[in-house]
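The values are calculated or read from the model by the stated rules, or taken from the named source; none is laboratory data. This structure is a prediction, so every number in the text was calculated from the model and none was measured. Ideal geometry is used to build each Cβ from the backbone, glycine not excepted, and the neighbour counts take in all protein chains shown.
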Amino acid sequence: MNDIRNSWVSTGCSIVLDGWIDKKSQNFANILVDNPKGPMYLCSSDISASIIEGNALQSLIDGVLDEVGVKNVVQIVTYSTSSCMEVVGKLLMEKHSMVFWTVSASHCMELILEKIELIGSVKTILDKATTITKFFHSNAKILKLMRNYTEGHNLVKSSKFRLAKLFLNLEKIVLEKKNLESVFMLNE
């Protein structure tokens, strides 16, 4: 870990905030530092109060910048576009003009997929794909039969993001279209 820490001076680094919500609806942020030598977990923090009042989040990030060394930080990558994050980001960039505040690409993709899902024809197709997936995966005999034709593959793809999972499942159905049609052509 010291090798990674020592490299921050020569290569610079990114501070990455990864947010999640626990079973009690408390908001947490994992804070990582990433650079070419590799990522390093720094800490986790309950940021529930920060969602309401940005000062707590600002203080947390200031503490992280002190620990990492603000001169070593190129950017802070956040997981959210909430108004609280936006305000904290603007204040941070005013205070530290050499540090960029940006939203993670995966969050942006999730927002884009949300908008695409709202398109009527896309929603219809995604609903049909979900019906097909549920049909094959709800019965052990049908699932086994399908796997015989798809070389053991499932139609369900895992993803941290609900919408990404829907689109990945649709892609899998399209890729397996001929094999799935073969299942329905059986005379059993």
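What the table below lists for this structure:
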quantity	calculated
Filtered residue count, segment 96-118, keeping only those that are of a type in the set (Lys, Arg) and in contact (Cβ under 8 Å) with a residue 24 or more places away in the chain	0
Elements of type helices (runs of 4 or more DSSP H) in segment 103-182, at least 2 residues being in contact with a Ser or Thr (Cβ under 9 Å, 6 or more places away or on another chain) and surrounded by 15 or more Cβ atoms within 10 Å (Cβ to Cβ)	162-175
Condition met for VAL103 (under 18 Å from the mean Cα position of the chain (by Cα) and β-branched (Val, Ile, Thr))	yes
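Results for (1) basic (Lys, Arg); (2) closer than 26 Å to ARG162 by Cβ; (3) touching a strand residue (DSSP E or B) at 6+ places or on another chain (Cβ under 8 Å), shown as yes or no for each residue.
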residue	(1), (2), (3)
ASN35	no, no, yes
ALA49	no, no, no
LYS71	yes, no, no
VAL74	no, no, yes
SER97	no, no, no
LEU113	no, yes, no
GLY120	no, yes, no
PHE135	no, yes, no
LYS141	yes, no, no
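Every residue, every condition in (1) touching a residue at least 12 places away in the same chain (Cβ under 8 Å); (2) over 20 Å from the mean Cα position of the chain (by Cα); (3) over 28 Å from ILE21 (Cα atoms); (4) assigned by TED's automatic domain parsing to the domain that holds GLY19, yes or no:
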| position | (1), (2), (3), (4) |
| --- | --- |
| GLY120 | no, yes, yes, no |
| ASP127 | no, yes, no, no |
| PHE136 | yes, yes, yes, no |
| LYS144 | no, yes, yes, no |
| LYS157 | yes, no, no, no |
| LEU163 | yes, no, no, no |
